[in-house]
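Here the structure comes first, spelled out in structure tokens, and everything after it is commentary.
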Amino acid sequence: MVPHRKYRIIAFKDFVPDKLRFIILLLTAILFQLSGSIYLTNLNEIVGDKALTTEDIKFIHTASFIGMTMVFPLLFRIKFRFMSRTILLSSIAVLIIGNIICMYSDNVLILLFTSFVVGAVRMVGMFECMSSIQLVITPKRDFTVFFSAVYLIVLGSVQLSGLLTAQISYLYSWKYMHI
């Protein structure tokens, strides 16, 4: 039997400690899940501010999920073609630009396309984060442990996103969730 050695995440510079690398990627995965194009918790505020119909907002929100599922067959190709650092920085940059567009645009086609791209990029970023920390979570590649952690992050972030959006919208404005 081959002894397991400690896995090191290589997406960082050498001066970043190993435990901090794991924490940074875990928080980045949570932030990828919290970021989105249109938050349905703020449906009434968005409808009133952008002068769009409820069906338009729901359609734009659904485009994000379609983007997440459409990019899934390409995830391994992207992962093996580009370095982790490039994927993460590109994903973060696209999410920032997408959030700014979704915050200020009121054109349905622009919002629809942006939401689709944001959903796809969220999945790419989340996949990169989780595949990078997979061997830290379970060095023996026990997928029951790993998928439990993935489900905890994804479903916990979904619940947290709704609560955060409602609270931020109540205290400030619906646009602050994008910021």
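Among the helices (runs of 4 or more DSSP H) lying completely within the stretch 56-163, list those that include at least 2 residues that are of a type in the set (A, V, I, L, M, F, W, C) and in contact with a His (Cβ under 9 Å, 6 or more places away or on another chain). First the steps, then the outcome.
Details: elements: 75-81, 84-104, 108-137.
Result: 84-104.
Six or more apart or on different chains, Cβ atoms under 9 Å: show the pairs whose first residue is in the stretch 61-78 and among the hydroxyl-bearing types (Ser, Thr, Tyr) and whose second is outside any helix (DSSP H, G or I).
64/36; 64/37; 64/38
Within the stretch 132-160, track down each residue that is closer than 30 Å to residue 44 by Cα and at pLDDT below 85. Give the steps one after another, and end with the answer.
Keep residues of the stretch 132-160 that are closer than 30 Å to residue 44 by Cα, which gives 151-160.
158, the sole residue that qualifies.
Within the stretch 143-179, how many residues are among the polar types (S, T, N, Q) and surrounded by 16 or more Cβ atoms within 10 Å (Cβ to Cβ)?
Filtering the stretch 143-179 down to residues among the polar types (S, T, N, Q) leaves 144, 148, 157, 159, 161, 165, 167, 169, 173.
From the residues that got through so far, the ones that are surrounded by 16 or more Cβ atoms within 10 Å (Cβ to Cβ) too are 157, 161, 165, 169.
So the count comes out to 4.
Quick check on the stretch 116-128. Is at least one of its residues open to solvent by less than 20 Å² (accessible area, probe 1.4 Å), touching a helix residue (DSSP H, G or I) at 6+ places or on another chain (Cβ under 7 Å) and charged (D, E, K, R)?
Yes - at least one qualifying residue is present in the stretch 116-128.
Where residues in the stretch 98-107 are open to solvent by 40 Å² or more (accessible area, probe 1.4 Å) and without any contact (Cβ under 8 Å) to a residue 60 or more places away in the chain, which of them is nearest to residue 154 (Cα to Cα)? Walk me through how you get there before you give the answer.
Narrowing the stretch 98-107 to residues open to solvent by 40 Å² or more (accessible area, probe 1.4 Å): 100-101, 104, 106-107.
Filter again for without any contact (Cβ under 8 Å) to a residue 60 or more places away in the chain, leaving 101, 104, 106-107.
Values: 101: 24, 104: 27, 106: 29, 107: 30 Å.
Among those residues, the one meeting the criterion is 101.
Would you please name the residue that is nearest to residue 102 (Cα to Cα), looking only at residues in the stretch 149-179 that are more than 17 Å from the chain's Cα centre (by Cα) and hydroxyl-bearing (Ser, Thr, Tyr)?
176
The values are calculated or read from the model by the stated rules, or taken from the named source; none is laboratory data. Because the structure is predicted, anything quoted here is derived from the model rather than measured. Don't worry about glycine lacking a Cβ; one is built from the backbone with ideal geometry, like all the others, and counts go over all protein chains shown. With ligands, DNA and RNA removed, areas are computed over all heavy atoms of the protein, side chains included. Shrake-Rupley method; radii C 1.70, N 1.55, O 1.52, S 1.80 Å.
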